[in-house]
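This is the structure I want to talk about, given as structure tokens.
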Amino acid sequence: MSGLAETDPEIAEVIEKERLRQLNGLELIASENLVSHAVLEAMGSIMTNKYAEGYPGKRYYGGCEFYDIAENLARDRMKKLFGAEHANVQPHSGTQANMAVYFAVMECGQGKMMSMSLSQGGHLSHGSPVSFSGKMYQVTQYGVDLETEMIDYGVVEEIARKLKPDLIVSGASAYPREIDFRAFAEIAEEVDAYSMADIAHIAGLCATGMHNSPVGHIDFVTTTTHKTLRGPRGGAIMCSSEYAGLVDKAVFPGMQGGPLMNTIAAKAVCLKEALKPSFRDYNRQIVRNAQALAETLADGDLRLVSGGTDNHLMLIDLTDRGITGLEAEMALGKAGITANKNTIPREKRSPFVTSGLRLGTPAVTSRGMKEEEMRSIGEFIIRALRDIHNEANLRRIREEVVELTGRFSLYPDEP
Ligand code: PLP
């Protein structure tokens, strides 16, 4: 870091302040995680220096022989981890992985897709009107059943039969329950649509058997590599060999130019880590921690959407507390706990205010925290939300958060 401190002290200072924020705070954003030293080293390496348009063995630039090895390692490890026939590790992000699949199977302006609505758990890139996906395709959305707050596969099937979409998208950003990917695959087959599963949030869980995997059932599986997979920020796509050419062409030259090869090297590192038995233990602990946190919150009279969680995240419904998601997010922030406001199934407020709060356990589990710490964190949250305007109360909780986090490393590969 001495080079950076000399060249750009302002940025060096920002990085140090952010390091301390991460170290001293509780990160409960469900889509975030902490990476190992090894992943950071690959990300910050000279692998950023070169262009490598194309794919291993077929590049548009000379001098790519070592980049080819790195990309092949990333692809092969991803295939092995998920049991996939083909993997493309070039998408710069999850949104771009989704974009590439849409490009691969739908005509711009005419393609018809079905997906989960943003307000009930889906992602922006699944057809929200403010995203390219909602502007370029004809989108019909399904939500959750308002009683159970879970997906009703009968309703999904009914919509699919009527709409006859080109593509049915499953996967979510704020859905605390297991998704039945086989049911989605069967519905798509019945109506002769392509199927896509976006496992950005649950990739680690799918890879380790903590959640059923869509690979082998769903035509295209997209993901990010930075959530439960615990790698660098980025995207990837898996599919059968039959669709490999279609996907590869849609990514490059269809949607992107040169791949971020430092990120691809770091993806290879994270996938190597994910192939170790300890990654299964880690993902099992993510789920156990989510359950312990959810139980503590429910015991504190906080209502959880759908009554609990099967995965790494949960949604608190704050409606009967008389506070908004935004107020809760701000109060927890003062207490050293980072979480995000989120819409809930019967949402009446705007997405900038919301009635819900989303919490996830991937990052705190990476720090080595277990059920006991989850119970403490649950108590912090209950105390903070009981009295969100009591600054002294929030300050006291923050001190306890600093005491708790002080016992755990920020790096999953450092005890
Ligand atoms: N898909 C899902 C289900 C997500 O939750 C997210 C991000 O949270 C994305 C895609 C987008 O990933 P990115 O931010 O890398 O574009």
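The values are calculated or read from the model by the stated rules, or taken from the named source; none is laboratory data. Everything numeric in this text was worked out from a predicted model, so none of it was measured. For neighbour counting, all protein chains shown are included, and Cβ atoms are generated from backbone atoms with ideal geometry for every residue, glycine included. SASA here: full protein model, heavy atoms, side chains in, ligands and nucleic acids out. Shrake-Rupley method; radii C 1.70, N 1.55, O 1.52, S 1.80 Å.
Conditions tested, residue by residue: (1) under 30 Å from ILE69 (Cβ atoms); (2) of a type in the set (Lys, Arg); (3) open to solvent by 20 Å² or more (accessible area, probe 1.4 Å).
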| position | (1), (2), (3) |
| --- | --- |
| CYS270 | yes, no, no |
| ALA274 | yes, no, no |
| SER278 | yes, no, yes |
| ILE286 | no, no, no |
| ASN289 | no, no, no |
| LEU297 | no, no, no |
| LEU304 | no, no, no |
| THR309 | no, no, no |
| LEU313 | no, no, no |
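Working only within region 59-91, note down all residues that are over 20 Å from the mean Cα position of the chain (by Cα), of a type in the set (Gly, Ala, Ser) and in a helix (DSSP H, G or I).
ALA70
Further question on the same structure: Please specify each residue of region 389-415 satisfying the condition of being open to solvent by 80 Å² or more (accessible area, probe 1.4 Å), at pLDDT 95 or above and assigned to a loop (DSSP other than H, G, I, E, B).
Passing the criteria: HIS389, ARG407.
Also: Among the residues of region 358-388, which ones are assigned to a loop (DSSP other than H, G, I, E, B) and within 27 Å of ASP320 (Cβ to Cβ)?
Once the filter is applied, which keeps residues that are assigned to a loop (DSSP other than H, G, I, E, B) and within 27 Å of ASP320 (Cβ to Cβ), region 358-388 yields THR361, ASP387, ILE388.
Could you run through region 108-122 and say how many residues are farther than 30 Å from GLU147 by Cα and modelled with pLDDT under 95?
Counting residues in region 108-122 that are farther than 30 Å from GLU147 by Cα and modelled with pLDDT under 95 gives 3.
Pick out the one residue from ALA250, ALA244 that is in the same structural domain as MET106 (by TED's automatic domain parsing) and in contact with a helix residue (DSSP H, G or I) (Cβ under 7 Å, 6 or more places away or on another chain).
Result of the check over ALA250, ALA244: ALA250.
Within region 182-202, restricting attention to residues that are away from the ligand (no atom under 16 Å from the Cβ) and within 17 Å of TYR243 (Cβ to Cβ), which residue is surrounded by the fewest Cβ atoms within 10 Å (Cβ to Cβ)?
Filtering first and then ranking leaves ASP192.
Here is a yes/no grid of residues against (1) away from the ligand (no atom under 16 Å from the Cβ); (2) within 21 Å of LYS276 (Cβ to Cβ); (3) open to solvent by 10 Å² or more (accessible area, probe 1.4 Å):
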{"position": "ILE168", "(1), (2), (3)": "no, no, no"}
{"position": "SER173", "(1), (2), (3)": "no, no, yes"}
{"position": "GLU178", "(1), (2), (3)": "no, no, yes"}
{"position": "GLY216", "(1), (2), (3)": "yes, no, yes"}
{"position": "THR224", "(1), (2), (3)": "no, yes, no"}
{"position": "ARG230", "(1), (2), (3)": "no, yes, yes"}
{"position": "SER240", "(1), (2), (3)": "yes, no, yes"}
{"position": "PHE252", "(1), (2), (3)": "yes, no, yes"}
{"position": "MET261", "(1), (2), (3)": "yes, no, no"}
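Any idea how many residues of region 126-143 are part of a helix (DSSP H, G or I) and surrounded by fewer than 18 Cβ atoms within 10 Å (Cβ to Cβ)?
So the answer is 2.
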